[in-house]
1. Would you confirm whether or not the stretch 54-68 contains a residue that is at pLDDT below 85, part of a helix (DSSP H, G or I) and not hydroxyl-bearing (Ser, Thr, Tyr)?
2. Which residues, taken from the stretch 1-18, are assigned to a helix (DSSP H, G or I), under 22 Å from the mean Cα position of the chain (by Cα) and not aromatic (Phe, Trp, Tyr)?
3. For the condition of a type in the set (Ser, Thr, Tyr) and at pLDDT below 85, what is the one hit in 173, 162, 106?
4. State whether the residues of the stretch 428-437 include one that is surrounded by fewer than 18 Cβ atoms within 10 Å (Cβ to Cβ), among the acidic types (Asp, Glu) and at pLDDT 90 or above.
5. For the stretch 199-235, which residues satisfy the criterion of being part of a helix (DSSP H, G or I), within 16 Å of residue 347 (Cβ to Cβ), touching a residue at least 24 places away in the same chain (Cβ under 8 Å) and aromatic (Phe, Trp, Tyr)?
6. Consider only pairs whose beta carbons are under 8 Å apart and that are at least six residues apart or on different chains; among these, list those whose first residue lies in the stretch 263-277 and is among the β-branched types (Val, Ile, Thr) and whose second residue is open to solvent by 40 Å² or more (accessible area, probe 1.4 Å) and modelled with pLDDT under 80.
7. Might you let me know whether the stretch 215-226 holds any residue that is modelled with pLDDT of 80 or more, within 14 Å of residue 321 (Cβ to Cβ), within 26 Å of the chain's Cα centre (by Cα) and surrounded by fewer than 20 Cβ atoms within 10 Å (Cβ to Cβ)?
8. Just give me the residues in the stretch 119-132 being closer than 21 Å to residue 308 by Cα and touching a strand residue (DSSP E or B) at 6+ places or on another chain (Cβ under 9 Å), in sequence order.
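The values are calculated or read from the model by the stated rules, or taken from the named source; none is laboratory data. Since the structure is predicted, the reported quantities are computational estimates derived from the model, not experimental observations. Reconstructed Cβ throughout: ideal geometry from the backbone, glycine too, with neighbour counts over all protein chains shown. Accessible surface areas use protein heavy atoms only, side chains included; no ligands, DNA or RNA. Shrake-Rupley method; radii C 1.70, N 1.55, O 1.52, S 1.80 Å.
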Amino acid sequence: MAGFIHSFQEFIWGPGMLVFFLGTGIYFTIQSGFFQITKVHIWIKNTIGGLKKGKKTKDCKENFSVTQFQSFCTALAATLGTGNITGVATALMFGGPGAIFWMWVSGILGMMTTYAENFLGIKYRYKDEKGQWKGGAMVYMERGLGCKPLAVVFAVCCLGASFGMGNMVQGNSMAVGLERTFHIPTFISGSFCMIAVAIVLIGGIKRIAVFTEKLVPFMASVYLMGAIIVLFFYRDRIVGAFGLIFQYAFHPSAAVGGVSGYSVKQAVRMGIARGIFSNEAGLGSSVMAHAQSDVKDAKVQGMWGILEVFIDTILVCTITALVILVSGVPYNKTDCMDGTTLTGMAFTSVLPWGKEFLAGATALFAFATIIGWSYFGTQTAEYLAGEKGIKIYRLFYILITLPGCIIAPTIIWELSDALNGMMAIPNLLSLFFLRKEVEYRMKEKE
């Protein structure tokens with residue numbers, strides 16, 4: 001079974017899937033006139049710019065809606081995870097500095113894929129008899145594309161991925177990191193994590209939104225502050241780090257920084273794959289969080305999606321990569337145990353408490369991902385089995401947190417990764433068939 005799942009995972013995430021992801025992003029980028037680049041001022045003004053000007057993005061009076069910023073934070077909580085730390089380090093270890101350039105490419109193209117997802121998510125969402133918003137990729141598959149079987153496949157895969165990639169894998173990364181650094185038994189940290197997850201989940205979307213609204217800015221700020229300290233210490237090496245990224249994005253190297261050579265093929269594959277793993281653009285998962293927003297214009301929520309990918313990949317992932325590159329630690333895959341160890345070595349080169357800092361940051365990122373994915377799983381459980389499905393799902397999601405923290409076998413990681421890919425197939429197909437419905441032009445007053 002383990003061998004079959006490993007082969008299945010490699011097949012799903014083969015070159016064909018990566019081309020599918022890139023092709024979708026390229027199409028929406030061209031269709032929009034390179035909106036994410038040429039209209040930066042517009043999507044900044046309608047997202048974080050709106051917060052500064054006091055637009056109605058903070059005070060939501062609808063009982064079953066959340067603010068645009070809260071829905072954004074819930075979605076970002078799920079994407080800002082161990083991929084921003086371990087995933088980036090893994091890309092460097094297996095693809096070299098050039099992989100970061102291709103991670104940027106996947107992020108820039110993924111901005112418009114996420115825009116399209118969120119636009120369609122708002123366009124086809126609806127309110128149930130209780131006045132609650134119902135939306136997500138499965139909704140625009142059913143109501144927009146008229147293909148419920150495709151929606152069911154997506155929902156089942158999302159449900160499975162939430163237990164594995166969204167919960168067990170994240171919890172295990174958190175617990176193992178805390179045990180290695182602070183000698184906290186995984187049972188203890190797992191128990192506290194399970195209780196915390198239960199407290200947040202029982203409150204529903206409102207409590208999840210309020211929680212992530214506070215957690216996401218805090219954890220991102222703390223992590224970036226620590227990284228900036230390292231970058232300031234090695235500030236004379238930053239230009240050289242960018243030089244390595246661009247140099248080895250297109251040219252194979254015999255040796256760089258004392259490590260073995262990397263081919264362009266490795267750089268492209270690892271950069272794109274790790275970028276998708278981090279920002280989840282094209283998976284359709286974050287649409288469920290964005291669909292709960294009090295926004296009235298689907299284009300505005302699409303812009304929040306652009307900002308989400310920008311912060312995740314272009315900002316946080318880049319900062320992590322620069323910290324590793326300027327620190328001078330060897331990033332050859334034979335010299336480091338794993339991506340987390342590599343990143344910890346980079347922080348420790350400047351901060352005496354670098355390992356402790358990274359363990360704490362990883363714990364925050366992992367817990368945020370667990371909370372964010374819990375909402376995605378809740379929505380798909382309700383779609384498949386109604387109110388009863390929500391209760392069963394939440395109970396199982398809470399209970400599986402503890403064993404996930406204690407042990408998350410490789411087979412769980414690979415199965416979850418495969419399910420992530422299986423989510424992408426129906427979602428990308430839906431985006432292709434609904435592509436002409438996506439709009440970009442804003443009104444003059446906006």
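1. Looking only at the stretch 54-68, we keep the residues that are at pLDDT below 85, and these are 54-68.
Those left that are additionally part of a helix (DSSP H, G or I): 68.
Retained after the next criterion (residues that are not hydroxyl-bearing (Ser, Thr, Tyr)): 68.
The answer is yes, given that some residue of the stretch 54-68 is at pLDDT below 85, part of a helix (DSSP H, G or I) and not hydroxyl-bearing (Ser, Thr, Tyr).
2. Passing the criteria: 9, 10, 12, 15, 16, 17, 18.
3. Working: 162 fails: at pLDDT below 85; 106 fails: at pLDDT below 85.
The conditions single out 173.
4. First pass over the stretch 428-437, keeping only residues surrounded by fewer than 18 Cβ atoms within 10 Å (Cβ to Cβ): 429, 432-433, 435-437.
Right, trim to among the acidic types (Asp, Glu) and you get 437.
Now narrow it down to the ones that are at pLDDT 90 or above: 437.
Yes, there is a match, as at least one residue in the stretch 428-437 is surrounded by fewer than 18 Cβ atoms within 10 Å (Cβ to Cβ), among the acidic types (Asp, Glu) and at pLDDT 90 or above.
5. The answer is 223, 233.
6. Within 8 Å, the pairs are 264/251; 264/252.
7. Narrowing the stretch 215-226 to residues modelled with pLDDT of 80 or more: 215-226.
Narrowing further to those that are within 14 Å of residue 321 (Cβ to Cβ): 223-224.
With the extra rule that they be within 26 Å of the chain's Cα centre (by Cα), the set shrinks to 223-224.
Narrowing the set further to residues that are surrounded by fewer than 20 Cβ atoms within 10 Å (Cβ to Cβ) leaves 224.
The answer is yes, given that some residue of the stretch 215-226 is modelled with pLDDT of 80 or more, within 14 Å of residue 321 (Cβ to Cβ), within 26 Å of the chain's Cα centre (by Cα) and surrounded by fewer than 20 Cβ atoms within 10 Å (Cβ to Cβ).
8. 122, 125
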